[in-house]
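This report refers to the structure that appears directly beneath it.
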Amino acid sequence: MAGRYKPYPEYKDSVVEWLREIPVSWDVSKLRYMFSFGKGLTITKENLLDEGVPCVNYGEVHSKYSFELDPSVHPLKCVSENYLISSPNALLSMGDFVFADTSEDIDGSGNFTQLTTDKIVFSGYHTIIARPVDRQCSRFYAYLFDSREFRTQIRHAVKGVKVFSVTQAILRGIDIWLPTLDERTIIAAFLDHETAKIDTLIEKQQQFIQLLNEKRQAVISHAVTKGLNTSAKMRESGVLSIGLMPEHWTLKSLSLASKKLAVGLAMSVTDCYEEEGVPIIRNQNIKEGYFDGSDMLYLNPVFAEAQASKKVKAGDVVIVRTGSNVGLACCVPDEYDQCHTFTTLIVTPSDELAKEYFTYCMNSAYGKAEVNRLKFGFGKDNLNVGELRAMHALLPGVNEQKEIVSYLEQEVTKIELMVKKAHIAIELMQERRTALISAAVTGKIDVRDWVAPQTSQTNKEVAA
């Protein structure tokens with residue numbers, strides 16, 4: 001960072017634990033001297049409407065609309081117009097900040113958004129309003145609040161175990177450091193320009209990842225429905241999600257292509273968890289085509305043995321039965337032989353159905369279409385064993401299934417490597433973005449002479 005931008009000519013001790021030095025002309029203050037504070041509406045989710053006055057709640061601060069908010073481009077739930085009369089103090093003005101007053105993790109402590117429009121918006125439940133005394137430099141405050149040095153203070157001040165609470169008292173006591181008004185304006189403009197360039201590059205990488213994921217899905221779907229032989233004769237399958245299928249393949253219900261179709265433990269097992277014991281597979285362990293054992297829980301061995309008929313074997317295919325990922329499937333690894341699962345579907349493929357091939361089928365577009373067909377046909381949001389039995393199983397010969405699996409493993413690995421590289425690129429750009437913000441708002445770099453480039457020059461910088 002220092003190589004591209006020059007530092008200030010002279011620094012002084014900031015007397016702020018997490019900051020160290022600041023430019024000699026900068027001042028240190030407390031947030032309480034530069035802001036007034038209030039709280040959002042005392043409401044619950046039940047008070048939210050589709051029409052009325054837009055309202056930003058702590059959920060939007062944590063996820064959708066962190067840093068800045070404009071309801072004309074960021075859709076919000078609404079509250080009744082009656083609150084305009086009963087709770088005017090919860091109304092936001094342009095430049096106001098909204099902090100989430102609770103977070104489920106320490107990193108989310110200090111999450112905020114800033115209203116960047118003059119539209120009427122309420123601050124909602126679990127929020128704290130911070131109103132700048134001087135609104136001329138409110139954009140600088142947004143970047144200051146987003147800096148590591150500011151956030152570190154909050155993270156060390158909050159209390160909690162599973163939920164961390166940010167209070168008005170904590171915010172009032174936070175140290176802030178202030179350049180002159182002119183410098184704040186320049187720093188904010190500089191960061192607007194530079195972060196916009198980085199954000200554009202990040203968005204391009206995200207779009208690339210989306211295209212790669214679509215390609216991955218297309219490669220899998222084509223292989224498990226059309227095979228690898230482009231010269232193979234085709235015939236109508238009679239199944240909309242499959243269309244044409246190789247003439248020599250067979251189509252039958254999954255019940256006829258499986259040795260076993262069952263469901264795991266469908267009872268409360270919370271009281272049976274132990275530090276060590278028999279592993280229990282849950283939905284979060286089932287990923288698209290692979291098993292994730294990073295968050296494994298364990299059952300009391302005596303209880304687990306009493307439910308021995310529900311155990312799975314290595315090579316069984318476990319399928320998410322409920323929730324947003326219903327139908328997602330993976331194979332049970334060798335090291336989890338004879339473990340339990342919690343309400344997942346369990347399939348032991350027959351000798352004519354290779355487990356890896358079946359897993360690819362379940363995670364393909366055709367498999368997902370089958371899951372949706374079964375859910376729609378039975379009018380439910382989950383799958384049960386009876387519904388799974390009716391799934392269409394598309395069967396090449398076993399040797400051909402193995403060839404398809406080998407091909408897909410190679411092709412998917414190539415695509416996943418490109419996805420991984422794109423994610424690494426995004427992480428590096430996000431780290432640069434964070435470092436640039438911190439460097440600018442703490443005075444590690446001097447941008448007082450910065451001048452916004454012409455639009456054409458900006459486009460060249462992004463393209464580069």
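The values are calculated or read from the model by the stated rules, or taken from the named source; none is laboratory data. Worth saying up front: this structure is predicted, and the values here are computed from it rather than measured. Note that each Cβ is placed from the backbone with ideal geometry, even for glycine, and that neighbours are counted across all protein chains shown.
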Worksheet item: Restricting attention to the range 281-312, which residues are more than 24 Å from F358 (Cα to Cα), in a loop (DSSP other than H, G, I, E, B) and charged (D, E, K, R)?
Response: D295
Item to complete: For the range 207-264, name all the residues that are in contact (Cβ under 8 Å) with a residue 40 or more places away in the chain and of a type in the set (S, T, Y).
Response: S221, T225, S237, S241, T250, S253, S255, S258
Practice prompt. Those residues that are surrounded by 14 or more Cβ atoms within 10 Å (Cβ to Cβ) and closer than 20 Å to S350 by Cα, I need them from the range 228-249; list them, please.
Written response: W249
Fill in: Members of the range 313-337 found to be touching a strand residue (DSSP E or B) at 6+ places or on another chain (Cβ under 7 Å) and assigned to a helix (DSSP H, G or I), listed by number
Y336
Fill in: Filtered residues of the range 422-433 (kept if loosely packed, with under 14 Cβ neighbours inside 10 Å and either closer than 20 Å to T152 by Cα or of a type outside the set (A, V, I, L, M) (or both))
H423, E427, Q430, E431
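Could you grab me the full set of residues in the range 293-329 that are under 29 Å from the mean Cα position of the chain (by Cα) and without any contact (Cβ under 8 Å) to a residue 24 or more places away in the chain? Don't jump to the end; show me each part of the working.
Restricting attention to the range 293-329, the residues satisfying the condition of being under 29 Å from the mean Cα position of the chain (by Cα) are 293-298, 317-329.
Scanning the range 293-329 gives S294, D295, M296, S324.
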Worksheet, complete the sentence: All-but-one check, E400 against (1) buried (at least 16 other Cβ atoms within 10 Å of the Cβ); (2) farther than 27 Å from I209 by Cβ; (3) at pLDDT below 95; (4) charged (D, E, K, R), failing number (3)
Item to complete: Identify all residues within the range 171-206 that are in contact (Cβ under 8 Å) with a residue 60 or more places away in the chain, surrounded by fewer than 19 Cβ atoms within 10 Å (Cβ to Cβ), under 16 Å from S138 (Cβ atoms) and among the β-branched types (V, I, T); write none if there are none.
Response: T180
Worksheet, complete the sentence: Expected single match for surrounded by 16 or more Cβ atoms within 10 Å (Cβ to Cβ) and in the same structural domain as D134 (by the TED database) among Q168, Q217 is Q168
Worksheet item: Scanning the range 354-397 for residues that are charged (D, E, K, R) and in a helix (DSSP H, G or I), which turns out modelled with the lowest pLDDT?
Response: K375
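Within the range 86-109, can one find any residue that is at positive phi, buried (at least 23 other Cβ atoms within 10 Å of the Cβ) and in contact with a strand residue (DSSP E or B) (Cβ under 9 Å, 6 or more places away or on another chain)? If you could, list the steps in order and put the result at the bottom.
The initial filter retains those residues of the range 86-109 that are at positive phi, namely 95.
From what is left, the residues that are buried (at least 23 other Cβ atoms within 10 Å of the Cβ) are none.
Checked the range 86-109: no residue is at positive phi, buried (at least 23 other Cβ atoms within 10 Å of the Cβ) and in contact with a strand residue (DSSP E or B) (Cβ under 9 Å, 6 or more places away or on another chain).
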Worksheet item: Pick from the range 150-165 the residues that are under 26 Å from W26 (Cβ atoms) and among the polar types (S, T, N, Q): which of them is surrounded by the fewest Cβ atoms within 10 Å (Cβ to Cβ)?
Response: T152
Discussion item. Within the range 191-274, considering only strands (runs of 3 or more DSSP E) that don't extend past its boundaries, which have at least 3 residues that are at negative phi and in contact with a Phe, Trp or Tyr (Cβ under 9 Å, 6 or more places away or on another chain)?
Written reply: none
Discussion item. Return the residues of the range 161-207 that are farther than 17 Å from F150 by Cβ and of a type in the set (V, I, T); say none if nothing qualifies.
Written reply: V161, V163, T180, T185, I186, I198, T200, I202
Discussion item. I'd like to check something: does the range 40-52 contain any residue that is within 29 Å of K444 (Cα to Cα) and β-branched (V, I, T)?
Written reply: no
Fill in: Number of positions in the range 414-458 that are part of a helix (DSSP H, G or I) and within 16 Å of K197 (Cβ to Cβ)
18
Practice prompt. Only residues that are small (G, A, S) and either more than 25 Å from K6 (Cβ to Cβ) or without any contact (Cβ under 8 Å) to a residue 60 or more places away in the chain (or both): list them for the range 415-457, please.
Written response: A422, A425, S456
Practice prompt. Kindly establish whether Y290 is at pLDDT below 95 and farther than 16 Å from S364 by Cβ.
Written response: no
